[in-house]
Amino acid sequence: MPHKPSQVRVYGVVYVALLLLLALTVEAARHDLGHWNFVVAALIAAVKALLIALYFMHVRDSTSLIKLVVAAGLLWLCILFSLSLADYWTRAWL
Amino acid sequence: MSRELPAAAASPLAHQFDDLPQQREADEMGMWIFLCTEIMFFGGLFLAYTIYRTQDEAAFAAASHELDLFWGTVNTAVLMTSSLTMALAGHAAEASRRKQTAFLLLATLVLGSVFIGIKGQEYYHKYLHGLMPLWGLPFEWQGTSRGHAELFFDLYFLMTGVHALHMLIGLGILVVLIVNASRGGLLGEFSAPIHITGLYWHFVDIVWVFLFPLLYLIGAH
């Protein structure tokens, strides 16, 4: 039977992971990877945000209703970005 | 009937809820709805950043190079540590450990204040170097693409400034929590305010997680 790790231990592991990701993103930024610099930095930031949301903010153990609210927030953010950038990136004469 | 009133006053359950899990879910959902509005609020700023950066990536990288990567990294670590102490404070409150809860909340307050202090010192250096294009202050930019470099610093001060304002509000709430927790409130079934404040605090942390690479890292190499 899988043993559920204590909450304090989970927080500790997430915290160490966040610090390692911070070191990784700073180190990656010191090298010139061309356009990949931005992709790597954005990906690492997304993983960090996901860790904080899932474990520090307990979204992982939340009810479906809470998960739905979080997803709705992100959906609206996607609408904001995709519609605005669709304009700015495809209609250069504006 | 008169027997019910003192019992109701001491109960952690507000009368409109069936049970504690339902109340807890409502508490959390209320904060998450507020955070959704915050996602859109900061989202607009991130969108403005994206649009102006794609117009002149070289200018944004050159302007970003002027930021202090060392202090930015230290501040990120400080903020993450404060998120850890905040999460642990919620755990301690649930376990009704009064001293530990108050100590962890105090640690969060101190770490948050350190973050604001470092931020203020960075602002002061930008002011000294003429890189604070606010309130008609001179913008002394030596490189090319002056316009977009100035836009970068406008966005830097706007985004980190609004973020710092959220931190200050969080610090104010923490003071109230510390006073209540050290008096023995907010423990066990009464710990909801600490969890709700934690959600807010972690959200502000997440905003910084994206601000840090966008502002400090794009010009690091």
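The values are calculated or read from the model by the stated rules, or taken from the named source; none is laboratory data. Computed from a predicted structure; not experimentally measured. Counting neighbours? That spans all protein chains shown, and the Cβs are built from the backbone with ideal geometry, glycine included.
Worth pointing out:
- Only residues that are among the charged types (D, E, K, R) and part of a loop (DSSP other than H, G, I, E, B) were counted across region B:132-189, and they come to 2.
- Of the residues making up region B:70-81, not a single one is within 30 Å of A:L83 (Cβ to Cβ), part of a helix (DSSP H, G or I) and not aromatic (F, W, Y).
- Check on A:R9, more than 8 Å from every other protein chain (Cβ to nearest Cβ), surrounded by fewer than 19 Cβ atoms within 10 Å (Cβ to Cβ), over 17 Å from the mean Cα position of the chain (by Cα) and free of Cβ contacts under 8 Å to residues at least 40 places away in the same chain: yes
- Set A:G34, A:G73: member being part of a loop (DSSP other than H, G, I, E, B) and either more than 8 Å from every other protein chain (Cβ to nearest Cβ) or of a type outside the set (F, W, Y) (or both): A:G34
- Complete set of residues in region A:12-64 that are charged (D, E, K, R), without any contact (Cβ under 8 Å) to a residue 12 or more places away in the chain and in contact with a helix residue (DSSP H, G or I) (Cβ under 6 Å, 6 or more places away or on another chain): A:R60
- Reported count of residues in region A:76-94, each being part of a helix (DSSP H, G or I), more than 9 Å from every other protein chain (Cβ to nearest Cβ) and over 16 Å from the mean Cα position of the chain (by Cα), is 6.
- Residue check, A:I44 facing chain B (nearest Cβ under 9 Å) and either within 13 Å of the chain's Cα centre (by Cα) or of a type in the set (G, A, S) (or both): yes
- B:Y200 passes every criterion in (1) under 20 Å from B:S82 (Cβ atoms); (2) surrounded by fewer than 17 Cβ atoms within 10 Å (Cβ to Cβ) apart from (2).
- Number of positions in region A:47-70 that are within 7 Å of another protein chain (Cβ to nearest Cβ), over 23 Å from A:L19 (Cβ atoms) and of a type in the set (A, V, I, L, M, F, W, C): 4
Table: residues versus (1) at pLDDT below 95; (2) more than 17 Å from B:M159 (Cα to Cα); (3) assigned to a loop (DSSP other than H, G, I, E, B).
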| residue | (1), (2), (3) |
| --- | --- |
| B:P12 | yes, yes, yes |
| B:H15 | yes, yes, yes |
| B:T37 | no, no, no |
| B:F60 | yes, no, no |
| B:L84 | no, yes, no |
| B:H91 | yes, yes, no |
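- Test: residue in region B:37-59 that is at the interface with another protein chain (Cβ under 7 Å from one of its Cβ atoms), within 22 Å of A:L18 (Cα to Cα), buried (at least 17 other Cβ atoms within 10 Å of the Cβ) and within 24 Å of the chain's Cα centre (by Cα): yes
- Of everything in region B:60-74 that is free of Cβ contacts under 8 Å to residues at least 60 places away in the same chain and within 11 Å of chain A (Cβ to nearest Cβ), the residue that is surrounded by the fewest Cβ atoms within 10 Å (Cβ to Cβ) is B:F70.
- Pairing residues of region B:19-30 that are of a type in the set (S, T, N, Q) with residues that are crowded, with 17+ Cβ neighbours inside 10 Å, at Cβ distances under 9 Å and at least 6 apart in sequence or on separate chains, gives B:Q23/B:A192.
- Picking from residues in region B:190-221 that are at the interface with chain A (Cβ under 10 Å from one of its Cβ atoms) and not in a helix (DSSP H, G or I), the one that is farthest from the chain's Cα centre (by Cα) is B:H221.
- Scope region B:79-137; condition of a type in the set (A, V, I, L, M), farther than 30 Å from A:V10 by Cα and crowded, with 18+ Cβ neighbours inside 10 Å; matching residues: B:L131, B:M132
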